[in-house]
Amino acid sequence: MNKKVQWIVRLLFIFYMLYIGGVIASGKALYSFLLLNTFLAYIPIEIGMHINEKQPRWLFVILFILWLLFYPNAPYVLTDLFHLAKINPYNAVTGLMVFKLRIWWHYGNLVFSALMSSLFGVWSLSCVSKVIAKRFEKNSPFFEISIVGILILASSIGVYIGRFLRLHTVYLFMDPHGVINDLIQMWNIRMLVFVILIAVFQALIWLVMNIYRSTFNKFEE
């Protein structure tokens, strides 16, 4: 993975989190959870930068497990957009949208975090899947797509767990027995529909990224 790209991604997250931290400290933030959620979304992206096909197997396994445990935090931030419901941008009398910079400021904070976390999260997923394909010496596009599909499905289940069971990755180490019981009892039709929806969101982002990459490569030829 290109080191320059890695540092661009790091600095983007660092500057955004410093900005959100400053906003929270000033007491003007509407969504104080953004700092924690963005930080949690960044963890798997950073871990993914250290996964490569040349490292020892034991190190690869440890990093991959950590990445897999934390990765759902990236697409999870998409669900934070529902907090936009707290913003009422319409005039009570006319029913028309009003122009208030503060409203658009809150909107921008939420949307920027969701887009940045989900886009770079799927970018990390794509990079990790390519490393897996190389380590298994599989050059077939079908193999890589299958890995991406499995990881997307697993992470979408993780998003459901985080959003509705309110379980975070750290709970798996603090109370594994309680977490396992909750995981066994969570399965139902509505849960599966939600998982499919989040999986479709991630798959679309991955597809767009690959179309862009393919188109860009053709222009370079």
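The values are calculated or read from the model by the stated rules, or taken from the named source; none is laboratory data. All values derive from a computational prediction rather than experimental measurement. Neighbour counts are summed over all protein chains in view; Cβ atoms, including those assigned to glycine, are modelled from backbone coordinates with ideal geometry. Note: areas computed on protein heavy atoms with side chains; ligands, DNA, RNA excluded. Shrake-Rupley method; radii C 1.70, N 1.55, O 1.52, S 1.80 Å.
Some points to look at:
- Scanning segment 131-141 turns up no residue that is assigned to a helix (DSSP H, G or I), within 18 Å of the chain's Cα centre (by Cα) and at pLDDT 90 or above.
- Close pairs (8 angstrom Cβ cut-off, 6 or more residues apart or separate chains): farther than 14 Å from Ser155 by Cα in segment 179-208, among the aromatic types (Phe, Trp, Tyr) and open to solvent by less than 90 Å² (accessible area, probe 1.4 Å) anywhere: Val179/Tyr171; Met186/Tyr160
- Check on Trp187, touching a Leu at 6+ places or on another chain (Cβ under 9 Å) and among the aromatic types (Phe, Trp, Tyr): no
- Within segment 168-199, the residues that satisfy the criterion of being open to solvent by 70 Å² or more (accessible area, probe 1.4 Å), part of a helix (DSSP H, G or I), modelled with pLDDT of 85 or more and not polar (S, T, N, Q) are Ile184, Ile189, Arg190, Leu192, Val193, Ile196, Leu197.
To keep it simple, each residue is scored yes or no on (1) surrounded by 11 or more Cβ atoms within 10 Å (Cβ to Cβ); (2) under 17 Å from the mean Cα position of the chain (by Cα); (3) among the hydroxyl-bearing types (Ser, Thr, Tyr).
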{"position": "Ala74", "(1), (2), (3)": "yes, yes, no"}
{"position": "Asp80", "(1), (2), (3)": "yes, yes, no"}
{"position": "Gly95", "(1), (2), (3)": "no, no, no"}
{"position": "Tyr107", "(1), (2), (3)": "yes, no, yes"}
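- Residue count for segment 44-73, restricted to those that are assigned to a helix (DSSP H, G or I) and not hydrophobic (A, V, I, L, M, F, W, C): 5
- Residues in segment 132-155 that are charged (D, E, K, R) and closer than 18 Å to Trp67 by Cα were compared, and the one that is surrounded by the fewest Cβ atoms within 10 Å (Cβ to Cβ) is Lys134.
- Qualifying position, being buried (at least 20 other Cβ atoms within 10 Å of the Cβ) and aromatic (Phe, Trp, Tyr), among Tyr212, Tyr160: Tyr160
- Among the residues listed as Gly108, Gly121, the single one being at pLDDT 95 or above, under 28 Å from Phe13 (Cα atoms) and not polar (S, T, N, Q): Gly121
- Inter-residue pairs, beta-carbon under 9 Å, first in contact (Cβ under 8 Å) with a residue 40 or more places away in the chain and in segment 78-91, second open to solvent by 60 Å² or more (accessible area, probe 1.4 Å) and of a type outside the set (Ser, Thr, Tyr), 6+ apart: Leu78/Leu115; Leu78/Phe201; His83/Leu30; Lys86/Leu30; Ile87/Leu30
- Boolean, Leu66 is open to solvent by less than 80 Å² (accessible area, probe 1.4 Å), touching a residue at least 12 places away in the same chain (Cβ under 8 Å) and farther than 23 Å from Ile132 by Cα: no
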